[in-house]
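What follows is one structure encoded as structure tokens, with my remarks underneath.
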Amino acid sequence: MKKHSIAIKIFLLLVLSAAVAIVYGVRGLHDARVHREAACYHANLEKLNSLEPSTATVNTELEEIQRDQDVIDQLDGTDDETVIQRRSRMIDGVRLKLTKVNKDRAEGQRRTEQIQAELSSCLEEVK
């Protein structure tokens, strides 16, 4: 009977050791996965944050366009050739600024979509 008792204790000790090893192994894999996910988010968050200055630039340009538009509106309705020429130059300037703003917005959108795709791809690799 003592041999069976010792064998049972050894068996239970081995089962317990195996269970502990499995738990620590699973936890280690989980921790590694969480770490890789955090790295994906961090890298892509930095990229998204780098877009902030271009968004601020677009907003500044839009404010300038609005100020120019206000001046253009004030210059409307005059017969003075100098004022008409100034207004025409300002309208051309506004068109150029609008073209640039639209280009900058499109580029920002493209970069945002690219970063989101990279994040998705990175997270898929982690899984």
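The values are calculated or read from the model by the stated rules, or taken from the named source; none is laboratory data. The structure presented is a predicted model; accordingly, all values stated were derived computationally and were not measured. Cβ: placed from backbone, ideal geometry, glycine included. Neighbour counts: every protein chain shown. Remember, those area values only see protein heavy atoms, side chains included, never the ligands or the DNA or RNA. Shrake-Rupley method; radii C 1.70, N 1.55, O 1.52, S 1.80 Å.
Residues of the range 103-125 that are under 20 Å from residue 55 (Cα atoms) and open to solvent by 90 Å² or more (accessible area, probe 1.4 Å): 103, 105, 109, 110, 113, 116.
Applying a threshold of 7 Å to beta carbon distances and a minimum spacing of six or more residues, or different chains, the list of pairs starting in the range 19-35 at a residue that is farther than 20 Å from residue 124 by Cα and ending at one that is at pLDDT 80 or above and surrounded by fewer than 10 Cβ atoms within 10 Å (Cβ to Cβ) is empty.
Per this entry, residue 18 is counted among residues that are of a type in the set (Gly, Ala, Ser) and modelled with pLDDT of 85 or more.
Give 92, 68, 80 a once-over and let me know the one that is at pLDDT below 90 and either within 27 Å of residue 51 (Cα to Cα) or open to solvent by 70 Å² or more (accessible area, probe 1.4 Å) (or both). None of the others qualify; the one that does is 80. Restricting the range 69-125 to residues that are assigned to a helix (DSSP H, G or I), among the hydroxyl-bearing types (Ser, Thr, Tyr) and more than 23 Å from residue 39 (Cα to Cα), the residue that is nearest to the chain's Cα centre (by Cα) is 99.
Please go through the range 50-63 and give me each residue that is at pLDDT below 80 and surrounded by fewer than 12 Cβ atoms within 10 Å (Cβ to Cβ), ordered by number. The answer is 50, 52, 53.
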